[in-house]
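Undergrad: The structure under discussion is supplied below as structure tokens; questions concerning it will follow.
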Amino acid sequence: MRCLRLLLALGLLPPLARAEGGRLRENFDFGWRFLRGDAAGAEALSYPDGGWRRLDLPHDWSIEGPYDAAAPSGGPGGYLPTGVGWYRKHFEAPAAQAGRRIEIQFDGVYRDSEVWLNGHLLGRWPYGYTTFRYDLTPYLVFGGPNVIAVRVDNSRQPGSRWYSGSGIDRNVWLTASDPLRIAPEGVTVVTRSATADAATLEVRTRVRNGRGEAAEVRVSQRLEGALEEEPAALRLEAGAEAEVTSVLTLPHPRLWSPEHPALYRLRTDIGTDAVETSVGVRAIAYDAERGFLLNGRPVKLLGMCLHQDGGAVGSAVPEAVWERRLRLLQAMGCNAIRTSHNPPDPALLELCDRLGFLVMDEAFDEWTVRKPQIKFGYSAFFPEWHQRDLEAMIRRDRNHPSVVMWSAGNEIGEQWSPRGPAILRELVETFHREDPTRPVTAAMDRVFTDAGRAPAAFTGLLDIVGYNYVDRWLDRRETYFGPDHAAFPERRMVGTEDASAPAVRGEYPERAAPAGTPPRPLYLSAPVRTEQLWKFALTHAYVIGHFMWTGFDYLGESRWPAKASSSGALDTCGFPKDTYYLYQSIFSPRPMLHLLPHWTWPGREGKVVPVLAYTNCEVVELFLNGRSLGAKAREFPRPGTQGGWNTYARPPVFPTTADLHLEWDVPYEAGELKAVGYRGGAVACTETVRTAGVPAALEIVPDRTALRADARDAASLEVRVVDAQGTVVPGASNRVSFSVEGPAVLLGVDNGDPQSHEPYQAGRRDAFHGLCLAVIQTRREAGPIRVTARADGLREAAAELASAPAPEAPALFGALP
């Protein structure tokens, strides 16, 4: 490192300085010191922090626990600690960078942060979900030591309706550029038109002249395959800022879509500075009759709502954990994400671009009206900060092809308020000014109530009206969007939030029934509401789609002893629940078949156990220990006649139910339950569940085995408690301990139990219904990694992984010891 700095100071590494037209961008996450609690004077350069804990970012101190029923965060915050924390980083600014503009960017700090450099206050930023930056240049010591200090105050509780985490829980970046430079988020790419034959892109570039004299600037754009255009020219006076527009023509573009998420790299160069922008070429439109159109083709949004936590890792979520979660949703058939109820980590949007998700990007959970669950929500900051936060969100996210819709807020209290339209109008105008290409919605839980429809003065300002729980009120349980579509034929409508089938993974309780009737297993009624909702959406083209609550279980919004909400299709570990397969049967075209419940019910021999099949097969036959229990059929949508009376495009299936699932009443006997699914008269898939014996061994299955030695990459390892035949034991709760050998650390453990109060940062975890999870993260050293899982009385299991060398970016502003 010293040699690198010396070479830079002597000017012997000019290619490095010119790599981005003179701009250097460095990740600033490594080598911080942390103190949980307040510390008077900790912003000072000379403050003694030698005893502070050393760590790398992102970091969430709340997830470290412990759980406490009396915690000020309460049920909304998952009963985890919050409070105040300090971060400090010592670093050296190379003398070779003197005269350049040095800027620090925080992708998110939760919450109410204050930042100092060498004792000088740079500013305060209350909202924990938006990106912000400060100019370090005036107070930076070039060629000498510097200290940046960050105070994070998340002590006013409860401060959120869900688990927020605490700390610098997103990435931090340092940028060095010429004073004559492209402004932050100064390149905006708009697809004017896009077909398979050609696309036209408009590129707006904002340039700032921080030099002491006027400058002539030529702005060039380079995009793979695009016809070259003459550089745009402008003259900037000292201290001035201006924007130029370039138009690029791209013959035969690779159009971005969920099926083919093609991305281009655009290089914008002004000589003294250059930036690269990821570009997805696609055309979006919304129609009151045809719904959402992508590249001219109707696409139904098969969506899930997501909060920002990643289970055991809290709100400091490694990219690999996000990628695993998104791929699990993709395998379910989900194609859309709602970032409920805040701007997401930009790393998540980059993954959505790359994997092909359609995103509703949401700004706020409160405007000026405080929600009753929280005392210190965003409404306290809204009057002073909402404009800055909204602009920060839009400018940061508007180049992402995955973002196809903005949301101004969730279930805000002003929906029926006389002052609501004025606030909404200002927000919509900001959205349209900063990005005229995407529509604006708001997630409204009172579009319709027993008091009538929401005021037209409010809904009329929205480009798309968002319905939370469209089937909640009165006859809407059956008619959904129908009455409003008839009353407002020009209105575009989307289900911004809808009820899933909440359940705890692996549990099958009975529901209390009306007086005089026997109780029923809850899982019998769980799919009904979801199935009816999607049957309506999929047979009415004008319904843009739905975002179900939620994709994953999430921390918070709970009641002790639970510390998490169980509304997800997957639990906090990412283990699928039965609901996952219900959605898969509706969303995915690939043949699939899932049986529930498990088939281990000692003591219930001879008693009826209802068995459900979630499937997209036409016919399913069920067998118990080789005996057929009969075939049942489902068909959706049912075809009408074509070309004449009693003539069909495909042979009729003759369904046995109008539901989207199949059901048998089966007297329980131990053994094997097998289902065979048919499509077009041929076997398409099979599913078998077996009665489990006593726990005998552990199995460990990593989601990936090839990792990068960059101290960032991560792997999630599923641990199963199985019997002697390899069947998962559904009632197993054995305590599993973990050991990691090689260049990796154990980042967290979990089991998906919403009532477990075991610490996430520990080397052990009780299995929950036969499963638990370990998350490991690499170090900077490469080499083999071995993760071993052990439990008393069971055969241990191990997984072999490998961490390969990762390209190391130059750390010009790296941490000092």
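The values are calculated or read from the model by the stated rules, or taken from the named source; none is laboratory data. Here the structure is a predicted model, which means the values were calculated and not measured. Cβ placement follows ideal geometry from the backbone for every residue including glycine, while neighbour counts extend to all protein chains displayed. Note: accessible area is taken over every heavy atom of the protein model, side chains too, but ligands, DNA and RNA are not part of it. Shrake-Rupley method; radii C 1.70, N 1.55, O 1.52, S 1.80 Å.
Undergrad: Return the pairs, sorted by first residue and then second, in which the second residue is open to solvent by less than 50 Å² (accessible area, probe 1.4 Å) and of a type in the set (D, E, K, R), the first residue lies in the stretch 719-738 and is at pLDDT 95 or above, the beta carbons are less than 7 Å apart, and the residues are 6+ apart or on different chains.
TA: Between residues of the stretch 719-738 that are at pLDDT 95 or above and residues that are open to solvent by less than 50 Å² (accessible area, probe 1.4 Å) and of a type in the set (D, E, K, R), the close pairs are Val729/Asp723; Ser733/Asp766; Arg735/Asp766; Val736/Arg765.
Undergrad: In the stretch 6-43, how many residues are at pLDDT 95 or above and open to solvent by 60 Å² or more (accessible area, probe 1.4 Å)?
TA: Adding up the residues that qualify gives 3.
Undergrad: Here is a further query. Name the single residue that is nearest to His400 (Cα to Cα) among those in the stretch 194-216 being among the small types (Gly, Ala, Ser) and exposed (fewer than 12 other Cβ atoms within 10 Å of the Cβ). Break it down stepwise before answering.
TA: Looking only at the stretch 194-216, we keep the residues that are among the small types (Gly, Ala, Ser), and these are 194, 196, 198-199, 210, 212, 214-215.
The next check asks that each one be exposed (fewer than 12 other Cβ atoms within 10 Å of the Cβ); those that pass are 196, 212.
On the way: Ala196: 20, Gly212: 35 Å.
So the residue we want is Ala196.
Undergrad: A further question follows. Of Glu808, Glu758, which residue is open to solvent by less than 40 Å² (accessible area, probe 1.4 Å), among the acidic types (Asp, Glu) and in a loop (DSSP other than H, G, I, E, B)?
TA: On the way: Glu808 fails: open to solvent by less than 40 Å² (accessible area, probe 1.4 Å).
When all the criteria are applied, what remains is Glu758.
Undergrad: Leu698 passes all but one of (1) within 33 Å of the chain's Cα centre (by Cα); (2) part of a loop (DSSP other than H, G, I, E, B); which number fails?
TA: (2)
Undergrad: A further question on this structure: Identify the residue in the stretch 508-517 that is part of a loop (DSSP other than H, G, I, E, B) and closer than 15 Å to Arg604 by Cβ and, among all such residues, is least open to solvent (accessible area, probe 1.4 Å).
TA: Tyr508
Undergrad: I want to confirm something. Restricting to the stretch 104-135 and keeping residues that are without any contact (Cβ under 8 Å) to a residue 24 or more places away in the chain and of a type outside the set (A, V, I, L, M, F, W, C), which single residue is farthest from Asp60 (Cα to Cα)?
TA: If we filter the stretch 104-135 for residues that are without any contact (Cβ under 8 Å) to a residue 24 or more places away in the chain, which is where we start, we get 120, 122-125.
Retained after the next criterion (residues that are of a type outside the set (A, V, I, L, M, F, W, C)): 120, 123-124.
Details: His120: 25, Gly123: 21, Arg124: 19 Å.
Top of the filtered list is His120.
Undergrad: Cβ contacts < 6 Å: first residue in a loop (DSSP other than H, G, I, E, B), restricted to the stretch 47-69; second residue among the polar types (S, T, N, Q), any location; separation 6+ or different chain. Result?
TA: If the second residue must be among the polar types (S, T, N, Q), the pairs left are Asp60/Ser315; Trp61/Ser166.
Undergrad: Kindly indicate whether Ile776 is β-branched (Val, Ile, Thr) and buried (at least 24 other Cβ atoms within 10 Å of the Cβ).
TA: Details: β-branched (Val, Ile, Thr): yes; buried (at least 24 other Cβ atoms within 10 Å of the Cβ): yes.
When the stated conditions are applied, Ile776 passes them.
Undergrad: Which of the residues spanning the stretch 303-325 are over 18 Å from Leu555 (Cα atoms) and either assigned to a loop (DSSP other than H, G, I, E, B) or out of contact with any strand residue (DSSP E or B) (no Cβ under 6 Å at 6 or more places or on another chain) (or both)?
TA: Glu319, Glu323
Undergrad: For residues that are crowded, with 18+ Cβ neighbours inside 10 Å and among the charged types (D, E, K, R), scanning just the stretch 684-706, find the one that is nearest to Gly671 (Cα to Cα).
TA: Here the answer is Arg690.
Undergrad: Among the residues in the stretch 646-657, are any modelled with pLDDT of 95 or more, more than 38 Å from the chain's Cα centre (by Cα) and among the aromatic types (Phe, Trp, Tyr)?
TA: Taking every residue of the stretch 646-657 in turn, none turns out to be modelled with pLDDT of 95 or more, more than 38 Å from the chain's Cα centre (by Cα) and among the aromatic types (Phe, Trp, Tyr).
Undergrad: OK, next. Here is a list of conditions, (1) open to solvent by 20 Å² or more (accessible area, probe 1.4 Å); (2) closer than 20 Å to Glu323 by Cβ; (3) part of a strand (DSSP E or B); (4) touching a Leu at 6+ places or on another chain (Cβ under 9 Å), and Val745 meets all of them except one; can you say which number that is?
TA: Val745 satisfies all of (1) open to solvent by 20 Å² or more (accessible area, probe 1.4 Å); (2) closer than 20 Å to Glu323 by Cβ; (3) part of a strand (DSSP E or B); (4) touching a Leu at 6+ places or on another chain (Cβ under 9 Å) except (4).
Undergrad: Follow-up question, since we're still on this one. Here are some conditions: (1) under 24 Å from Gly165 (Cβ atoms); (2) assigned to a strand (DSSP E or B); (3) open to solvent by 10 Å² or more (accessible area, probe 1.4 Å); (4) not charged (D, E, K, R). Leu328 meets all but one. Which one does it not meet?
TA: The number of the failed condition is (2).
Undergrad: Just checking, which of Thr441, Thr437, Thr449 is within 28 Å of Leu266 (Cβ to Cβ) and polar (S, T, N, Q)?
TA: Numbers: Thr441 fails: within 28 Å of Leu266 (Cβ to Cβ); Thr449 fails: within 28 Å of Leu266 (Cβ to Cβ).
Unique residue meeting the criteria: Thr437.
Undergrad: In addition: Restrict the check to the stretch 363-383 and report whether at least one residue is under 15 Å from the mean Cα position of the chain (by Cα) and open to solvent by less than 20 Å² (accessible area, probe 1.4 Å). Let's see the steps before the verdict.
TA: Of the stretch 363-383, the ones under 15 Å from the mean Cα position of the chain (by Cα) are 363.
From the residues that got through so far, the ones that are open to solvent by less than 20 Å² (accessible area, probe 1.4 Å) too are 363.
Yes, there is a match, as at least one residue in the stretch 363-383 is under 15 Å from the mean Cα position of the chain (by Cα) and open to solvent by less than 20 Å² (accessible area, probe 1.4 Å).
Undergrad: Can you find, within the stretch 101-121, the residue that is farthest from Ala44 (Cα to Cα) among those that are open to solvent by 10 Å² or more (accessible area, probe 1.4 Å) and more than 30 Å from the chain's Cα centre (by Cα)?
TA: Filtering first and then ranking leaves Arg101.
Undergrad: Would you tally the residues in the stretch 356-390 being part of a loop (DSSP other than H, G, I, E, B) and either touching a residue at least 40 places away in the same chain (Cβ under 8 Å) or of a type in the set (A, V, I, L, M) (or both)?
TA: Taking the stretch 356-390 as the starting set, the residues that turn out to be part of a loop (DSSP other than H, G, I, E, B) are 356-357, 363-377, 381.
Restricting the remaining residues to those that are either touching a residue at least 40 places away in the same chain (Cβ under 8 Å) or of a type in the set (A, V, I, L, M) (or both) gives 356-357, 363-371, 373-377, 381.
So the count comes out to 17.
Undergrad: Another question, if that's okay. Output the residue which, of all residues in the stretch 761-773 that are surrounded by fewer than 24 Cβ atoms within 10 Å (Cβ to Cβ) and of a type outside the set (A, V, I, L, M, F, W, C), is farthest from Ser566 (Cα to Cα).
TA: Gly763
Undergrad: Mind checking which pairs have a first residue in the stretch 217-243 that is surrounded by 13 or more Cβ atoms within 10 Å (Cβ to Cβ) and a second that is of a type in the set (Phe, Trp, Tyr), Cβ under 7 Å, 6 or more apart or different chains?
TA: Correct list of pairs: Leu223/Tyr264.
Undergrad: Okay, next question. Can you find a residue in the stretch 68-89 that is modelled with pLDDT of 95 or more, open to solvent by 50 Å² or more (accessible area, probe 1.4 Å) and of a type in the set (A, V, I, L, M)? Lay out the reasoning, then the answer.
TA: Step one: of the stretch 68-89, the residues modelled with pLDDT of 95 or more are 68-89.
Next cut, open to solvent by 50 Å² or more (accessible area, probe 1.4 Å) only: 68-70, 72.
Still in the running and of a type in the set (A, V, I, L, M): 69-70.
Yes, there is a match, as at least one residue in the stretch 68-89 is modelled with pLDDT of 95 or more, open to solvent by 50 Å² or more (accessible area, probe 1.4 Å) and of a type in the set (A, V, I, L, M).
Undergrad: Does the stretch 333-355 contain any residue that is of a type outside the set (A, V, I, L, M, F, W, C), part of a helix (DSSP H, G or I) and open to solvent by less than 10 Å² (accessible area, probe 1.4 Å)? Step through it out loud before you land on a result.
TA: Filtering the stretch 333-355 down to residues of a type outside the set (A, V, I, L, M, F, W, C) leaves 333, 335, 338-346, 350, 353-354.
Those left that are additionally part of a helix (DSSP H, G or I): 346, 350, 353-354.
Applying the additional criterion that residues be open to solvent by less than 10 Å² (accessible area, probe 1.4 Å) yields 353.
Within the stretch 333-355 (the criterion being of a type outside the set (A, V, I, L, M, F, W, C), part of a helix (DSSP H, G or I) and open to solvent by less than 10 Å² (accessible area, probe 1.4 Å)), the answer is yes, since at least one residue qualifies.
Undergrad: Further question: Sort out which residues of the stretch 46-67 are over 22 Å from Trp173 (Cβ atoms) and open to solvent by 70 Å² or more (accessible area, probe 1.4 Å), and write them in order of number.
TA: If we filter the stretch 46-67 for residues that are over 22 Å from Trp173 (Cβ atoms), which is where we start, we get 46-53, 62-67.
Answer for the stretch 46-67, where residues must be over 22 Å from Trp173 (Cβ atoms) and open to solvent by 70 Å² or more (accessible area, probe 1.4 Å): Ser46, Pro48, Gly51, Arg53, Pro66.
Undergrad: For the stretch 522-544, enumerate the residues that are over 17 Å from Phe636 (Cα atoms), in contact (Cβ under 8 Å) with a residue 24 or more places away in the chain, of a type outside the set (Ser, Thr, Tyr) and buried (at least 16 other Cβ atoms within 10 Å of the Cβ). Steps first, please.
TA: Pass one, the stretch 522-544, residues over 17 Å from Phe636 (Cα atoms): 522-526, 542-544.
Filter once more, so that each one left must be in contact (Cβ under 8 Å) with a residue 24 or more places away in the chain: 523-524, 526, 542-544.
From what's left, of a type outside the set (Ser, Thr, Tyr): 524, 526, 543-544.
Once the filter is applied, which keeps residues that are over 17 Å from Phe636 (Cα atoms), in contact (Cβ under 8 Å) with a residue 24 or more places away in the chain, of a type outside the set (Ser, Thr, Tyr) and buried (at least 16 other Cβ atoms within 10 Å of the Cβ), the stretch 522-544 yields Ala526, Val543, Ile544.
Undergrad: May I pose another question? Look through Tyr678, Tyr648 and report the one residue that is touching a strand residue (DSSP E or B) at 6+ places or on another chain (Cβ under 6 Å), farther than 22 Å from Val722 by Cα and not aliphatic (A, V, I, L, M).
TA: Tyr678
Undergrad: Those residues that are in a loop (DSSP other than H, G, I, E, B) and farther than 21 Å from Arg282 by Cβ, I need them from the stretch 185-228; list them, please. Outline the logic, then answer.
TA: Step one: list which residues in the stretch 185-228 are in a loop (DSSP other than H, G, I, E, B), which gives 195-197, 210-214, 224-226, 228.
Those that are in a loop (DSSP other than H, G, I, E, B) and farther than 21 Å from Arg282 by Cβ: Gly210, Arg211, Gly212, Glu213, Ala214, Glu228.
Undergrad: Every residue in the stretch 96-107 that is modelled with pLDDT under 95 and outside any loop (DSSP other than H, G, I, E, B), please.
TA: Ala96, Gln97, listed by residue number.
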